[in-house]
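Accompanying notes for the structure given below.
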Amino acid sequence: MEMREMFALEIEKAMLKNENIVILNADLAKPNGFGELSKKYPERVINVGIAEQNMACVAAGMSSYGFIPFICTFTPFATRRICDQIAVSICYANQNVKIIGTDPGISAEYNGGTHMSVEDVGVLRSIPNIVIFEPTDNIQLKNMLPQILNYEGPLYIRMFRKKTSDIFDSTEKFDLFKSKVIKEGKDISVFCSGIMVEETLKANQVLEEEGIDAEIINIHTWKPIDKESILKSAGKTGGVVTVENHNIIGGLNSAVAEVLSEGCPVPVRSIGIKDVFCQQVGKMLYLKEVYHTTEKDIVLAVKKCLKLKA
């Protein structure tokens, strides 16, 4: 099932239990998975039109009256287009608004450079009061939704729209504010998120064949980042690689490096978009090759970091 489909099913269940949950969209209900919901609940799935700034302000206002509004649109429109409204109307006022940005980074594929938002976390991470969460698969997102609903305050969900491989077992338990150790290791720490977790696990197969024991940790919440887990792992392995579908400036690499610089200075290498606009158009497999975010690139980064440790 596509992530947008799964999310729509789960949020409908929540809406049946809590009449204060509402969804606002900016003329993109169907592409983001809420087409059927908008027909079932026209008074609770509201189309504000192509007016994203207004959508953010309406959500903030509804929150002040006790509603739990979710606003949803493509990632560039959910972050950089409405940054001021998020900063002032939502975060400064500390309103209980959930923001969903879909198709982050290169997952925008054929929508091209204007829609390939590789700076969305960088835009939001410097704003106080906001939590930033990127689900890895349907299982993790489904498991986290009750915690997201129970959290009082602004929260951003960086959501892949299409199908993902199941990384986690259906019985797995998660904590919104604690990272998830996927595999323990002693040679190198690899911190990864979202669609790049699967790519990291592919790389790990190669590393294991070459006798490299990597510790793989899923950082699903980028802010507030789990400092304790980062410092514990880096202290054990002595080297770090970050892997993200985002600009290496302002995102996961920056967040991890900030923690390490203060608590555990070790060599760090990064896999992500190298501070360029993603102007190429195509399928993700092609785009990963273009922007050097494949399993081969991760393996190479690990080996470079291991040399720096020596």
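Each value in this text was obtained by applying a stated rule to the coordinates, not by laboratory testing. Just so it is clear, the model here is predicted, and its values are computed rather than measured. Backbone-built Cβ (ideal geometry, glycine too); neighbour counts: all protein chains shown.
General remarks:
- Summarising the strand pairing of the chain, around 15 percent of its internal DSSP beta bridges are antiparallel.
- Note on LYS30 and LEU9: the extension gain reaches 6.2 nm, defined as 0.36 nm multiplied by sequence separation minus the Cα-Cα distance.
- Leading residue at positive end of dipole, the chain (Cβ point charges), from ASN32, PHE191, LEU252: LEU252
- Prolate/oblate/rounded call for segment 77-168, Cα gyration tensor, a/c under 1.5 rounded: oblate
- C-alpha long axis of helix 196-209 to longest principal axis of the chain, angle in °: 20
- The charge dipole of segment 54-151, taken about its Cα centre with unit charges on the Cβ atoms of Lys, Arg (+1), Asp and Glu (-1) only, comes to about 260 debye.
- For segment 6-69, convex hull of alpha carbons as volume per residue, Å³: 72
- Using the average count of surrounding beta-carbon atoms within 10 Å as a protection proxy, the listed peptides 28-35, 155-162 rank, highest first, as 155-162, 28-35.
- Rounded to the nearest 10 degrees, the angle from helix 138-150 to the longest Cα principal axis of the chain is 60 degrees.
- The overall shape of segment 180-309, judged from the alpha-carbon gyration tensor, is oblate: a/c is not under 1.5, and a/b is no greater than b/c.
- Ordering LYS283, LYS223, LYS274 from the fewest to the most neighbouring beta carbons within 10 Å gives LYS283, LYS274, LYS223.
- Label sites at GLN147 and ASP213, each approximated as a point 7 angstrom past Cα along Cα to Cβ, lie 2.8 nm apart.
- The Kirkwood hydrodynamic radius of segment 120-162, based on inverse pair distances between different Cα atoms, is 11.2 Å.
- Sorting the segments 170-179, 261-270, 67-76, 199-208 by their mean number of nearby beta carbons within 10 angstrom, highest to lowest, gives 67-76, 199-208, 261-270, 170-179.
- Residues CYS83, CYS192, sorted so that the one with the fewest Cβ neighbours within 10 Å comes first: CYS83, CYS192
- Nitroxide proxy distance, nm - points 7 Å out along Cα→Cβ at ASP175 and LYS274: 3.8
- By average C-beta atoms within 10 angstrom, highest first, the peptides 297-307, 236-246: 236-246, 297-307
- In whole angstrom, segment 3-159 maps to an equivalent ellipsoid with semi-axes of 20, 18, 16, each derived as √(5λ) from the alpha carbon gyration tensor and ordered largest first.
- Short-range pairs are left out: with C-alpha atoms under 8 Å and at least six residues apart, the relative contact order of segment 180-309 is 28 percent.
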